[in-house]
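Novice: Below are the structure tokens for one structure; questions will follow.
Just so it is clear, none of the values below were taken in a lab; they were calculated from the coordinates. Since the structure is predicted, the reported quantities are computational estimates derived from the model, not experimental observations. With ideal geometry, Cβ positions are generated from the backbone for all residues, glycine too; neighbour counts draw on all protein chains shown.
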Amino acid sequence: MIFSARGLAKRYGRVNALGGVDLEVDAGELVGLLGPNGAGKSTLVKIAVGLVRPSSGSAVVCGSPAGSAAARASLGYLAELFRFPGWYSADELLALHQRLAHSSGGAAERTGLLELVGLADARDKRVEAMSKGMQQRLGIAQALVGSPKLLFLDEPTSALDPAGRRTVRRLLERLKSQGVSVLLNSHLLSEVELVCDRVVILLDGKVVAQGAPSELSQPRGVEIETDEGVRLFETAGREDVPQLVERLVGEGRRVYGVRLLTSTLEDVYLEYVGEEAA
């Protein structure tokens, strides 16, 4: 188990930011952390990386208590509102984080990370001269300094265009194949649905749903395109398709296509948190 939270709770005065969260992340697993603002996502991540102490419960990273030196050495973190010194070049910034992380990777590690995030040609470019998207990718590179086993990424694709988001998706898939685990905090549900093995939905500091996107989705009927147009059979499922097609053909209809309808991750999310909260 790469990360484990048991009964994790955090109070800020009278506010319950977390109300007893149980969560596990396995090796090489990509887990999407979802929830409206104020649901407790950032508090959970801050406890995991050692920036905040829980009021009760426990969090363990790679077998060590969250916040300990061993736990911090095992993880990488990219905050949503990160700031890098504008006068640093990409290479200098990674060198700084290598010193902070006590990484002995040297120039070879920096080169590999810049290539990994598509910034090989920007090695000597100053941060202040980079676009927001380039800075975001550089942020992911710094989170990978020292080859951590677990990454906490807070809205890593929020400032990226479609091409940039695709680059990050491919990067996450590559990290997964290398056994790196990722806890991804994002409001871009379509991105989460594409890359995550499992999603966890938080509301008011508690887990209200978790599972693979396909497990959480619900059937929404069958849509069949005929020469008379598209017909929707709301209560039908996959097993009903052959009989429906046979019936339509028997009625003299030409069938051009069949589509099984299921709820999207966005539908599932709204069902749990409500449209007003979302």
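Novice: Here are a few candidate values for mean projected area of the Cα convex hull in nm²: (i) 18.1; (ii) 21.8; (iii) 24.5. Which one was actually calculated from the structure I just gave you?
Specialist: So the structure-derived entry is (i).
Novice: Rounding to the nearest 20 debye, state how big the charge dipole of the chain is about its Cα centre with +1 on each Lys and Arg Cβ and -1 on each Asp and Glu Cβ.
Specialist: On the way: 32 positive and 35 negative charges, 268 e Å.
Rounded to the nearest 20 debye, it is 1280 debye.
Novice: Below 11 angstrom from the Cβ of Arg6, what's the summed charge of the other residues (Lys, Arg +1; Asp, Glu -1)?
Specialist: Details: positive: none; negative: Asp22, Glu24.
Value of the local net charge: -2.
Novice: Ok, one more. Starting with the fewest neighbours, write out Ile47, Ile224, Ile2 ranked by other beta-carbon atoms found within 10 Å of each beta-carbon.
Specialist: Placing the least packed residue first, the sequence is Ile224, Ile2, Ile47.
Novice: Roughly how far apart, in whole Å, are the Cα centres of segment 211-278 and segment 5-61?
Specialist: If we compute the Cα centre of each part, the gap is 36 Å.
Novice: Under a plain spin-label model, where a point goes 7 Å from the Cα along Cα-to-Cβ, how far apart in nm are Ala129 and Ala73?
Specialist: Modelled inter-label distance: 3.8 nm.
Novice: Further, regarding this structure: Quick one: length gained pulling Glu266 to Ser56 fully straight, 0.36 nm per residue minus the C-alpha distance? Can you show the working numbers first?
Specialist: Numbers: separation 210, 0.36 × 210 = 75.60 nm, distance 3.19 nm.
That pair, Glu266 and Ser56, stretches by 72.4 nm at full extension.
Novice: Hand me the tally of lysine pairs in the chain: alpha carbons under 23 angstrom apart, and the pair either on different chains or 8 or more positions apart.
Specialist: Close lysine pairs found across the chain: 10.
Novice: Here's something else I'd like to know. Select from Gly112, Pro219, Val241 the residue farthest towards the positive end of the dipole of the chain; place +1 on Cβ of Lys and Arg, -1 on Cβ of Asp and Glu, and compute about the Cα centre.
Specialist: Farthest towards the positive pole: Gly112.
Novice: Same structure again: Which order do peptides 100-109, 264-273 fall in by mean Cβ count within 10 Å, highest first? All intermediate terms of the calculation are to be shown ahead of the outcome.
Specialist: Values: 100-109: 12.9, 264-273: 17.7.
Output ranking for 100-109, 264-273: 264-273, 100-109.
Novice: Moving on to the next point. Treating the beta-carbon of each Lys and Arg as +1 and of each Asp and Glu as -1, no other charges, what is the dipole magnitude of segment 219-262 about its Cα centre, to the nearest 20 debye?
Specialist: Working: 7 positive and 9 negative charges, 19 e Å.
With only Lys, Arg, Asp and Glu charged at Cβ, the dipole is about 80 debye.
Novice: In addition: Among 180-193, 78-91, 243-256, how do they line up from the highest to the lowest mean number of other beta-carbon atoms within 10 Å?
Specialist: Packing order, densest peptide first, comes out as 180-193, 78-91, 243-256.
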